[in-house]
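Visitor: Next up is a structure, given as structure tokens.
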Amino acid sequence: MRKHLFSMLVLALGFFAGSANIVYAEGTHKAVYHVNYYGAKHQTSTLINIQNHINAIGKEELDLIVVLHGDGLSLLMYPDAIGSNKMSEGNAENVVLARIEGLKQQGVKFQICRNTIAGRGIDMSDLYDVAEEDIVPSGVAQIAILQSQGYAYLKP
């Protein structure tokens with residue numbers, strides 16, 4: 001029994017020691033990050049995860065898209081826009097905006113659900129740096145489309 005436990009321990013240590021030398025597959029890695037939740041802390045954590053993803057793989061090897069719908073639009077909503085629409089918070093403040101801008105400069109795309117914009121009465125001027133080409137008909141449909149194109153689904 002002890003011999004068996006010792007063997008398991010050696011195997012486990014070998015596994016964890018080897019994980020520090022991970023070699024990622026060559027070629028472009030594609031991932032879609034799904035954001036449909038309120039909470040500045042949670043959303044900021046997601047932005048940090050995205051940056052960590054870029055740091056681990058390299059921006060040249062990544063095709064990252066963040067799809068926002070429902071409550072997730074609060075990430076790009078200015079706080080002073082609350083009350084003029086059906087959103088209950090806006091988190092587009094300086095620290096968050098700096099993170100978003102940094103991610104965009106590294107090639108991360110942000111796609112926004114047209115259904116949420118219409119359904120919650122959101123004016124485009126209430127959102128940070130959203131152009132017409134960033135709007136998709138449906139956030140959930142866009143996620144499914146991206147998955148069918150080989151994008152890994154991530155919802156931190």
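Visitor: So which strands (runs of 3 or more DSSP E) are wholly in the stretch 58-156 and hold at least 3 residues that are in contact with a strand residue (DSSP E or B) (Cβ under 9 Å, 6 or more places away or on another chain) and buried (at least 18 other Cβ atoms within 10 Å of the Cβ)?
Guide: The strands (runs of 3 or more DSSP E) meeting that bar are 62-68, 109-113.
Visitor: Do you know which of the residues in the stretch 43-99 that are more than 25 Å from G27 (Cβ to Cβ) and basic (K, R) is nearest to the chain's Cα centre (by Cα)?
Guide: R99
Visitor: Please go through the stretch 37-56 and pick out each residue that is over 20 Å from M77 (Cα atoms) and either buried (at least 17 other Cβ atoms within 10 Å of the Cβ) or among the hydroxyl-bearing types (S, T, Y) (or both).
Guide: Within the stretch 37-56, H53, I54 meet the criteria.
Throughout, read-outs are computed from the coordinates displayed, never taken from laboratory work. These numbers were taken from a predicted model, which means no experiment stands behind them. Neighbour counts are summed over all protein chains in view; Cβ atoms, including those assigned to glycine, are modelled from backbone coordinates with ideal geometry.
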